[in-house]
Structures are given as C-alpha cells and as structure tokens.
Amino acid sequence: MPQINVLPDLLVNKIAAGEVIERPASVIKELVENSLDAGAKRIEVAVEQGGAKLIRIVDDGEGMDAEDLARCILPHATSKLRTEDDLFAIRTMGFRGEALASVGAVAQLRIVSRQAASDAAHEIRVAGDRIEPVTLAAGPPGTTVEVRELFFNVPARQKFLRTAQTEMGHVTEQVARIALAHTAIEFRLTHNGREVYHLRPASDMRSRIADLYGADLANTLLAFDRDERGLKITGYAGLPADARSSAKWQYIFLNGRYIRDRFVSHAVREAYRGLMEPSRYPVFFVRMEVDPAGVDVNVHPTKSEVRWRDSNVVYSQVLSSLRDRFLSADLTPAYRPGPAAFASGSGGGGTTDGEPDTEAEALRRQRIRESMADFFKRQSPGSPATSPEARPPWPTSGPRPDRPPGAGQFTMPADPGLWPPPGGYTQPASPPLSHEWADVHGVEGTLPAYRNTIQVHDAFLVAETDDGLTIIDQHALHERVLYEQFSRQIARGPLESQRLLLSETVDVTPDEVALLDTHGELFGQLGFELSAYGPSTIAVHATPSLLKPDRVSEFLRDAFGRLADRDAPASAELLLDALISMMACKAAVKAGDPLSSQEIEALMAKRDLVERSSNCPHGRPTSLNLSLADLEKQFKRT
Ligand code: ADP
Ligand code: MG
C-alpha cells in the first residue's frame, strides 16, 4: 500500500514557485504587478548580476500595515479576492496570493512597507521556511521588496540560470512589456547601479515606444483604434517595409497585461497579407480592454494566455481596425511582391491566388499591365528593331515622380542605397554576354537570349526573348546573384571587410546582445567586427565591404532577430547560409531603385552566369516568361 503524505508548507510553496518563478524576470513581473495593484505612480527596479544576487523594487503605492505585512507572505494570502464571484470580475494584476509566498520559499525576501497615514514603516524577512516576526523600520511611504540569492535552496533551478547578461535581457524585456501597458507610470531600471531605462510618465503608447525603442521606429507607426462590441482597441502598427524576421516585435496587451494570443496574431497576419513577404513579421503594439467578465485570465500560471468568451469578435475587430487604417495610409515605401500573377516558367497563364488581396495590389497590377501594353505597342511588327544602346523612352505615359522631368533614363540613380555602383558588374571576369553567346547557349536549354531590356516602375526588367518576353523582378534576381557571390567567397575565407573610422551603434534587444558571445565568429566570417556596447546596444567597428553603410543596422537587427528566434537553424553551416541570404537581400537593389542602362545590362549578364538564377534564395521566382504564342492567344489573334 502506498502511503499518502500531506506535503509540508515549504515544499508546497516551492512547487508553487516552480510555476510562477522561473527566473529573475518572473520575480520582477510579480513584484512590479503588486506595485501597480497598490496604486504606485513610480516604480524603481534595481537588479544586481542579472537578478540572481539582488532584485529590489521600490514603489510609492499604498503600502501595508504591520498586520498585512505579516500575512502577505503566506500562501493564498491576497487582498484582491474575497468571494468566488470576484474571480470573474478581476481588475487587479494579481489575485492568486501566491507570488510573495513563492518568492519567500526560494529566496531571501525582505519587505519594508509604510502606509502614507502612518509615520512608521514595518519590516518582515523570510528565507525558505524561516519567517521572522514583523519589526519596526524606517522608510518612506510605499513598499520596498528585496529578493536576494534567488533559488539559494533550489539547486536544480539555480543551475538553469543563464549568464547575468542573458537574465538581464529577460528582465529588461519584462520591464518594457509592463511599461508599454502602463504608460502613465514612471519606471526606472538599473543593473549593477547603471541605468537601463528611466521612463517618465507618457501621455500615450507612442511616446513610451519612442522612449524604449527610439523615435525612428515610433514615428513611423500607424495608430489605429476601435471601440465596438465591448472591445476597446488602441494600437500602433509598423509599416510593411519595417517588418522583422521574428515575431518578437509584436506586443499584445489585455487589460494591462502582456499576453500571447493566437487570435490577435492571426488577425494581424491576415491584415498584412499581400503587403509583405509571408516570412516577415510586422511590428505592432496593441492594447485591448474588455469587461473582465468577457475573458478568463485564470488559465495560465503567469496569466500570459487567456480564454476569450467570444474570440470571433476579437479576431474581426483587430482585423478590421487594421484594414481600415491601411486603406487611409500611404504604404508606398513597402516592397510588395504579392501573390505571383503567373506560374513561373513559360506559358503559365492562370493566377495562383485568385483575387488581388488589396486595392493597392490591384492598382499595382493594373499599372504593370498598362506599361506592358505600352511596351508591346512600341515593339509591334514594322517598327525598326532597337539596339540595346538606343533604348526606348520610358514606357509609362505619366510623369515619373521620382525623377525630374527631362532627366534622361541613363542618369545615375539618385538613390545612394544602390549597390553595386554603375559599372561595378562589368569586371573582366564577367563580361556581359553577347547575344551570339546567349543564342547558342539559350538553345541548349539554359536561359533564353534577351534583347531590349528596359526597367518598368523601377522594379521590374522587361526583355524581349526569341519567342516572347521575360519579366524579371530586379530585387529577386540581384539577391540571387549576390547570394551566389557571397557563398562562393565565404567558402574561401571571410568576406572582405571595411573598418569604420567611427564605430557605430545599433540598438537590438538585450537578449540579442547576449548572442554576441555565441555567434561573434559567425559575424566575423561575414566581415563584421562587433562588440557589446550596452545592455541593448551593439557597437559596429567593421562591416562587409559589399554592404552599403545605410543598410548595416537593418541587416544586423534582422540577423540578431533571426538568431534569437526559437526556430533558428541549429547548425553553424545553416546559420551562416541564413545570414548570407539575409545579407544578399539587404545588399541587393530594391523595388523602387532606378537602374541605369549599364546596370541593367550588367545584371542581365550575371543572370546567365549564376546557377539557379530563376529563383531568389527564398525560392520565389526571379522572372516569368510570356511566349508569343500565349500573347497571341490572349489577344485573340489565333
Ligand atoms: P496577489 O498579488 O495575488 O494578491 P501576492 O503574493 O503577490 O498575491 O501579494 C499578496 C498581498 O500582499 C497582495 O494581495 C497585497 O495585498 C500585498 N502586497 C504585495 N505587494 C504589495 C505592494 N508592493 N504594496 C502593497 N501591498 C502589497
Ligand atoms: Mg501579486
């Protein structure tokens, strides 16, 4: 017969602590939430050695008297719930009454508290199962909670603590989440005495986002809101062009709490569909308020997931508020490949994805159709064949807004982001192919010979081929060319690197800074020299010569985001490959970059020289072919 034991209190508390207290950041979450519940207007968080040594929270909230102080550290001791009904009308952050008991079970806990009306403060100390009596103490109104030597009596847990820098990364992220949800509260965070954040009370989330992540990001965000069917939404959505490589920049708050929620995530993904590549994650911050009766927050130990009474309302309200906002927004900086209009290869005529996703997408396709029609008009039988040098004028009839009137199509691109410089392709090693060469090899089933290549909408190249025409996505093709070039070079040694006269800094997240330890060498192979510069800042001392300076920070942010991703490739080789393809993407010409005739010719020449030029490194097609036979069928000539 097995014997049933009733577990001693300390063990019960330790087990409870296992649920809520995973690492220093979770202690901070619980304690700061307590300060918020106590009505604090100012909360100071001091951390030493990533929180393993010390966590101190000082608030100016309502405080506790001696009696409550003696009670607050007991399991299931809470001032926030009285009856079962209260459980379905929770407006406080806490309600289970287990945080302080849990912390006390696994650390040395000291609480000093004073109510404003009282002129004395009181103090209590707990360490494991040792609870000391409440004593008189000195202190300002409010509560100070000190947690020392976390997990001192739980060696298994202690072993799981990572480096101070990594733990601090989690702490910083935790404080940022709470600060985003409570913008009117002043927060200060220090690590080993150095200030990480000092966030003054902000009038709205945008200014808090600016304080946390910089005005550059905050200013481009599109504000959206909606208040319908019992759900109040206020949010800020990033431009499609600013989307990241991981979902980390997606913040969802419900009734003041950071949560993860698949309904909201799906709604956002759907709202951005067709506006960006499916592998990217838009930046967004959304705050939702519902009546506490409309949601069950008591389904997860740290309350980070909820159960909606009506998830359809949540999904549809988030989706429609974002969609409405996008309709009135200028999203032009975005590169919008959208669903493929034609199947890759020759002859494909059906759309792969039915209707265009958005009006903007439909408009874009319409413009492309028009310029193609123009192109054919000029190429109609009877008109003299044009040589590659004597290029036709721009095919569009309207003025080109990005170029002054009268400026020839052969002028240098104004965009400094263009790489490589004109002529950069025409190195002796890779002369542009003559038509004869291509004719010969084209027959052998590689790529068709091309003539009269022009650029349309600064995004596509259109070339005449022997039996029709080919349309090329300039970004996708250049990306593939660079990817091949980088991979080949890196097999021989690190990419060529260029020292910066003045080191630059890039802001990432604290846990990404920690990745420098593990992946520094990887970046070395790519031609970077990096060092940690602050809790969330990386200093850049050298960069790959082939990456334009203005794309460096974007690349690094994405690269670190990718490395921090939970599903980042595990082997060094795959990681390197992922980074190479990201770098090729960043270094390549973009949709919207005007190209000179030499650049067009050079890019087309490279096309024949690289393998797999029909697809970009992400697998999207770089070009599509239309045969004359298909065109004649479309125009009902046959
Ligand atoms: P819960 O927050 O779920 O009630 P806790 O264990 O976190 O449980 O806290 C227990 C009680 O201690 C709270 O209900 C509150 O009354 C009191 N308390 C905790 N922290 C503070 C604080 N910073 N200021 C005032 N009271 C506090
Ligand atoms: Mg609590």
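The values are calculated or read from the model by the stated rules, or taken from the named source; none is laboratory data. Note that the coordinates shown come from a computational prediction; the quantities given were computed from them, not determined experimentally. Heads up, the Cβs are rebuilt from the backbone with ideal geometry, glycines too, and the neighbour counts pull from every protein chain shown. Protein only, heavy atoms only, side chains kept; ligands, DNA and RNA dropped before computing areas. Shrake-Rupley method; radii C 1.70, N 1.55, O 1.52, S 1.80 Å.
A few notes on this one:
- Gained length - R492 relative to N192, 0.36 nm times residue gap less alpha-carbon distance: 103.7 nm
- For the stretch 494-587, the solvent-accessible area with a 1.4 angstrom probe is 46 square angstrom per residue.
- Shown for the stretch 118-205: the carbon plus sulfur share of the solvent-accessible area, taken with all protein chains present and a 1.4 angstrom probe, equals 51%.
- For the stretch 9-199, the solvent-accessible area with a 1.4 angstrom probe is 46 square angstrom per residue.
- In this simple spin-label model, placing a label point 7 Å from the Cα along the Cα-to-Cβ direction at both R262 and D86 gives a separation of 3.4 nm.
- For the stretch 63-139, the gyration tensor built on C-alpha atoms gives an oblate shape. Its axis ratio a/c (a ≥ b ≥ c) is at least 1.5, and a/b is not larger than b/c.
- Summing +1 for each Lys or Arg and -1 for each Asp or Glu among the other residues whose beta-carbon sits under 12 angstrom from that of F528 gives -3.
- FRET efficiency for the pair L10 and H300, taken as 1/(1 + (r/R0)^6) with r the Cβ-Cβ distance and R0 = 25 Å, rounds to 0.50.
- Given R0 = 45 Å, the distance between the Cβ atoms of T135 and R162 translates into a calculated FRET efficiency of 0.80.
- Gyration tensor (alpha-carbon) shape descriptor, the stretch 205-327, a/c threshold 1.5: prolate
- All lysines inside 19 Å of K248 as judged from Cα atoms, apart from same-chain residues fewer than 8 positions distant: K29, K303
- For the stretch 9-199, the square roots a ≥ b ≥ c of the C-alpha gyration tensor eigenvalues yield an a/c under 1.5, which makes the shape rounded.
- Given R0 = 25 Å, the distance between the Cβ atoms of E277 and T220 translates into a calculated FRET efficiency of 0.85.
- Taking 0.36 nm per residue of sequence separation and removing the Cα-Cα distance, the R499/Q49 pair yields an extension gain of 158.7 nm.
- When +1 charges are put on Lys and Arg Cβ atoms and -1 charges on Asp and Glu Cβ atoms, the dipole computed for the stretch 9-199 relative to its Cα centre reaches about 620 debye.
- Qualifying lysines (Cα of each under 17 Å from Cα of K636; at least 8 residues distant if same chain): K377
- Charged neighbours of A267, selected by a Cβ distance under 12 Å, balance to +3 (K, R count +1; D, E count -1).
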